[in-house]
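Data first, discussion second: the structure below is written as structure tokens.
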Amino acid sequence: MRLLVLLALAAAAPFAAAQAWPARPIRLVVPYAPGGPLDISARLISAKLQESLGQAVVPDNRPGAGGNIGVDLVAKSPPDGYTLVISAIATLAINPSLYSALPYDPIHDLRHVTLLVQVPNVLIVSNDLPAKNVQELIALARSRPGKLDFGSGSTGSTGHLAGEMFKMMTGTFMVHIPYKGSAPAMADMMAGRINLMFDNLASALPNIKAGKVRALATTTRTRSSFLPDLPTLDEAGLKGFDMTTWWGVSAPAKTPQPVVDRLSTEILKAMDSPDLKERLHNMGSDAPAIRTPDQFAAFVAAELKTYTELVKRSGAKAD
Amino acid sequence: MGMKIKSQQDFWAGLMFIAFGLFFVVFSVGTPEFLDNLLGTRLIHGYQMGSAVRMGPAYFPVMLGGLLAVLGAIVLVDSLVEEGPAIAAFHFRPLIFIAISSLAFAYLLKPLGLVVASVALVFISAYGGHEFKWKEVAIVSAVLVVGSVLVFVKGLLLPFPVCPDFINNCPIR
Amino acid sequence: MDGIWHNLGIGFIEVFKLQPVTMWGMTLQHVPFNIIMCLIGVFLGTLIGVLPGIGPVATIAMLLPVTFSLSPIAALIMLAGIYYGAQYGGSTTAILVNIPGESSSVVTCLDGYQMARQGRAGPALATAALGSFFAGCVSTLVVAMFAPPLAEVALKFGPAEYFSLMVLGLVSAVVLAHGSLIKAIAMVILGLLLGLVGTDVNSGVLRFAFGISELADGIGFVTVAMGMFGICEIIANLEQKEQREVFTKSVGRLMPTKEDFRRMIAPVLRGTALGSALGILPGGGALLASFGAYTLEKKISKYSHEFGKGAIEGVAAPESANNAGAQTSFIPLLTLGIPSNAVMALMIGAMMIQGIAPGPQVMTERPQLFWGMIASMWVGNLMLVILNLPLIGIWIKLLTVPYRILYPSILLFMAIGVFSISNQPFDCFLMACFGLLGYVCAKLGCEPAPLILGFILGPLMEENLRRAMLLSRGDPWVFISPSKPISMGFLIAAIALLVIIALPTLRAKREEAFAAEDT
């Protein structure tokens, strides 16, 4: 009898521990410098989670190496539910093939909890480029191989890889001009020094609306609610083109399932709350369709596959 | 033939510049082939040079490193010709103590907290000075510790641990 | 012109608006909330500017969540106040302890600190405050009147123009040194090389990091500045045979003399003009302005022999330039939505959270926001000068503390500041290394200021050089082609400046050679 009770207790122990979670403040590692959109969304979520979890959620900025330092730190942290990280397309899907030796494995070292934000990119061209839609752009690029320049926020960024994907699917050759961040690239585009770029919709929207640059298409399968008249690249003939910039929350791989489930529920609740929903919407995100941790994990695996292939074909390298 | 060093400062400055220049050149371009063949492996990889048209990551550092080495050589030669000042004596004591105190602070902060790290820094750096009066230094460090905790941890909300790791319930958080 | 007064009216009304405020369960009516936020901002900014190592970027980032609950205008007024408040505070540390709080305060260290050592800290600080105030007022007027056309000018600067401007800037950096010309050039180049450590923008390759992941994003300016200016200075002071007080006990008057005022007028005017012009250029504009102003003064002043030893022009000009630059650096943000520096990038974040998309239409769609910010800059500058002038008395008192107590305190604040960069011990270790480097360089008669300027400008220069070459498909003549008059102009100016600098040295050598021949 005593043995049975002991066994039952032993079996219940992990659940008991999970029920007690969170018993102390949770650290949310942000692998980027303060102030960027990922950092801001981390702070927004932390504030909301504090209310529902009853414990402080503390953002901890650990910038460096394109986000790898922060993610690696959490991948190697104890899987007790007290250390989380903001993981993004760069650190999960692109960097594994961009860097020759990544210290963590995005599939096996991490448990993906919730997708927070999915932002479409948009193909924009300079006003003095004689191309009013995607077809004209493709024709122009084909007639002037190597003459058009496309800018991006950095080598290996989604803007860069979107451009590479575009080149591959249309069979064109354009020169990639990397910048430190997409804002200087946008500036050069407004001045007409570079011809086109793929930029994140939220950042580009004001200049599109003001007529300083011309938007040709979005990179997602479905049209964006911000620019409902803008066709998608998929519609314009590049079948299957579906690239977004995304980020979410992940935890170390062996974090117990109940903790992950509770986290997921709370984060989703926070994201659905009206004020957070509005703020995330202001950043260009329509609420993602991917909700559960399993859906997220499947999504990550699919993205990893796509981008590994793309990075290899484009020849981009970080070291 | 002895060459007399007319300007000690310039002589060593020249050497320093040459050393830095060569350092950057070698690490940009990598070890030359004959050296690799001698040793069997590639010692230093270096980066792509590219061309003047499409500069690789090694291009700019190599040019600058080379220029630096050349300037260093000019300064060196000049030191044998022109009169210049001698190098003032090195005083190792302040240098070492100040350096150690910063390192002590940095590496003690996480494990032992702000209080211990600050006290270490103040004591070690004060020891590197001319006068060291125990009571005075103790008072100064107490004031500084209290001030720092108030301004930096409470005021500016910097995420520094105040108490050492092994103390579980720190009164100040 | 009528439009301007109307718009400024909107702005000031917004800033002085009385609003009901609910706090701690009480609701107070008629609170000038925006003014209070401005005051909090400039006060905080001054505080963190004075503390070595902690800068506006980290502070603003930490305060971003607080801004969620504020109205957009209040949030931006406070954050802006922190930014230019930090400029004022940074000058204070530069003058008092030879540590540049911001990159644009590096030049203030040169003469400001010397003035402090001569017991003239009061006049130095007052000059900085007054010059900054004048520059702030004028450049805010510039922003109000010329923001959109200036933004267009800024857009005309492409990579070729930036590169040429930086070449000109680096040549002026050489003028900063008062020792050997060749060693100054070598220090600039060494600084350039050290600035290249980290990830290369154009290729994504990690350079000179030797597997140290903390170096992936390069060496930070703060680390180098603390090491080469701060630590080095402390060690140098401790080296004196007997403990002489670093700052003369006979601390003089608080205010500048009549003579000082007379001498500072023209430099302040020139600095303001240069700062207003260069501040609009994203990336390094304000920095270039401050030491461009210094170089200009050194070359044309009849007291140029005093530069480096405590010339008041050497404080007045760069301080006016960097504050003017700080105000005009808002132009690309407010008119085009493009950040000029890391702080502006944070402001964009703050705006986006509030649902304001920064871009050309902010001015037309939200005039209260735009003009309210501009009006708040005036108010902020006024508050800063009122705040800082009486503080001078306190700072001077602080300098009379015996050095043996002062320097551990300075060292502690420096260490805390550097550590807080990324909460890793490595940065302090790097700071110690740069302290050692600075110490060795000082012994060898090489000056740190040219190095640090090369350090900041180096990566920018390379980035723009390679980008210009990429865009021109490898045509090196793009920098001096007639289709790029701005670029050509800067390069010609750079060459001219180099000749002017080298001329005295060459002439001296010729005379020496002749003299040697005669004997």
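The values are calculated or read from the model by the stated rules, or taken from the named source; none is laboratory data. Here the structure is a predicted model, which means the values were calculated and not measured. No Cβ is skipped: glycine too gets one built from the backbone with ideal geometry, and neighbour counts run over all protein chains shown.
Before we move on, is residue C:142 under 18 Å from residue C:340 (Cα atoms), in contact (Cβ under 8 Å) with a residue 60 or more places away in the chain and surrounded by fewer than 24 Cβ atoms within 10 Å (Cβ to Cβ)? So residue C:142 passes the test.
Residue count for the stretch A:279-319 under the criterion of being within 14 Å of chain C (Cβ to nearest Cβ), in contact (Cβ under 8 Å) with a residue 60 or more places away in the chain, farther than 27 Å from residue A:205 by Cα and not basic (Lys, Arg): the result is 5.
Of the residues that make up the stretch A:110-128, is at least one over 26 Å from residue C:478 (Cα atoms), assigned to a helix (DSSP H, G or I) and not aliphatic (A, V, I, L, M)? No: zero hits. Evaluated against (1) aliphatic (A, V, I, L, M); (2) touching a residue at least 40 places away in the same chain (Cβ under 8 Å); (3) facing chain B (nearest Cβ under 10 Å), residue C:405 falls short on exactly one condition, (2). Residues considered: A:222, A:265, A:245. Of these, the only one that is of a type in the set (Ser, Thr, Tyr) and assigned to a loop (DSSP other than H, G, I, E, B) is A:222. Of the residues that make up the stretch C:448-457, is at least one assigned to a helix (DSSP H, G or I) and more than 30 Å from residue B:105 (Cα to Cα)? Yes, some residue in the stretch C:448-457 is assigned to a helix (DSSP H, G or I) and more than 30 Å from residue B:105 (Cα to Cα). Restricting attention to the stretch A:51-78, the residues being surrounded by fewer than 16 Cβ atoms within 10 Å (Cβ to Cβ) and at negative phi number 7. If the condition is being over 18 Å from residue C:177 (Cβ atoms), modelled with pLDDT under 80 and assigned to a helix (DSSP H, G or I), then the stretch C:477-519 contributes C:507, C:510, C:511, C:512, C:513, C:514, C:515, C:516, C:517, C:518. Determine whether residue A:276 is closer than 23 Å to residue A:221 by Cα, in contact (Cβ under 8 Å) with a residue 60 or more places away in the chain and surrounded by 16 or more Cβ atoms within 10 Å (Cβ to Cβ). Criteria not met by residue A:276. Where helices (runs of 4 or more DSSP H) fall entirely within the stretch C:173-243, those with at least 2 residues that are aliphatic (A, V, I, L, M) and closer than 25 Å to residue B:72 by Cα are at C:181-195, C:221-225. Looking across the stretch A:181-200, just one residue is at pLDDT 85 or above and within 20 Å of residue C:354 (Cα to Cα), and that is A:200. Modelled with pLDDT under 90 and polar (S, T, N, Q) - does that describe any residue in the stretch A:262-270? There is no residue in the stretch A:262-270 that is modelled with pLDDT under 90 and polar (S, T, N, Q).
There is at least one residue in the stretch C:328-337 that is under 26 Å from residue C:164 (Cβ atoms), more than 14 Å from chain A (Cβ to nearest Cβ) and not in a loop (DSSP other than H, G, I, E, B). One residue stands out in the stretch A:153-193 among those that are of a type in the set (Ser, Thr, Tyr), touching a Leu at 6+ places or on another chain (Cβ under 9 Å) and more than 10 Å from chain C (Cβ to nearest Cβ): the one that is farthest from residue A:306 (Cα to Cα), namely A:172. When A:113, A:119 are checked against the criterion of being among the hydrophobic types (A, V, I, L, M, F, W, C), modelled with pLDDT under 90 and closer than 30 Å to residue A:96 by Cβ, a single residue qualifies: A:119. Kindly evaluate residue B:97 against the criterion of being of a type in the set (Phe, Trp, Tyr), in a helix (DSSP H, G or I) and in contact with a helix residue (DSSP H, G or I) (Cβ under 8 Å, 6 or more places away or on another chain). In short, yes.
Within the option set B:75, B:81, being at the interface with chain C (Cβ under 10 Å from one of its Cβ atoms), of a type in the set (A, V, I, L, M, F, W, C) and over 30 Å from residue B:125 (Cα atoms) holds for one residue only, B:75. Within the stretch A:163-186, the set of residues being more than 21 Å from residue C:338 (Cβ to Cβ) and assigned to a helix (DSSP H, G or I) comprises A:164, A:165, A:166, A:167, A:168, A:169, A:170. Residue-level analysis places residue C:284 among those that are within 14 Å of chain A (Cβ to nearest Cβ), touching a Leu at 6+ places or on another chain (Cβ under 6 Å) and surrounded by fewer than 24 Cβ atoms within 10 Å (Cβ to Cβ). Going by the structure shown, is residue C:419 within 16 Å of residue C:54 (Cα to Cα), out of contact with any Pro (no Cβ under 6 Å at 6 or more places or on another chain) and at the interface with chain B (Cβ under 8 Å from one of its Cβ atoms)? Yes; evaluated as a whole, the condition is true for this residue. Counting only residues that are more than 12 Å from residue C:172 (Cβ to Cβ) and under 17 Å from the mean Cα position of the chain (by Cα), the stretch C:285-318 holds 7 of them.
Within the stretch A:200-257, which residues are more than 14 Å from chain C (Cβ to nearest Cβ), closer than 20 Å to residue A:129 by Cβ and without any contact (Cβ under 8 Å) to a residue 12 or more places away in the chain? Selection gives A:229 alone. The combined condition, being over 30 Å from residue B:92 (Cβ atoms) and either assigned to a helix (DSSP H, G or I) or more than 25 Å from the chain's Cα centre (by Cα) (or both), is not fulfilled by residue C:442.
Applying the condition of being among the aromatic types (Phe, Trp, Tyr) and either without any contact (Cβ under 8 Å) to a residue 12 or more places away in the chain or more than 10 Å from chain C (Cβ to nearest Cβ) (or both) to the stretch B:84-98 and asking which residue is farthest from residue C:231 (Cα to Cα) yields B:90. Among the residues of the stretch C:442-475, those identified as in contact with a Lys or Arg (Cβ under 9 Å, 6 or more places away or on another chain) and within 8 Å of chain B (Cβ to nearest Cβ) are C:444, C:445, C:446, C:466, C:469, C:470, C:473, C:474.
Within the stretch A:31-43, the set of residues being touching a helix residue (DSSP H, G or I) at 6+ places or on another chain (Cβ under 6 Å) and in contact (Cβ under 8 Å) with a residue 60 or more places away in the chain comprises A:31, A:40. Filtering the stretch C:11-27 to residues that are surrounded by 12 or more Cβ atoms within 10 Å (Cβ to Cβ) and outside any helix (DSSP H, G or I) leaves C:17, C:18, C:19, C:21.
A quick yes/no check of all residues on (1) within 14 Å of chain B (Cβ to nearest Cβ); (2) among the polar types (S, T, N, Q); (3) under 21 Å from the mean Cα position of the chain (by Cα):
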{"position": "C:84", "(1), (2), (3)": "no, no, yes"}
{"position": "C:93", "(1), (2), (3)": "no, yes, yes"}
{"position": "C:103", "(1), (2), (3)": "no, yes, yes"}
{"position": "C:107", "(1), (2), (3)": "no, no, yes"}
{"position": "C:113", "(1), (2), (3)": "no, no, yes"}
{"position": "C:117", "(1), (2), (3)": "no, no, no"}
{"position": "C:154", "(1), (2), (3)": "no, no, yes"}
{"position": "C:181", "(1), (2), (3)": "yes, no, no"}
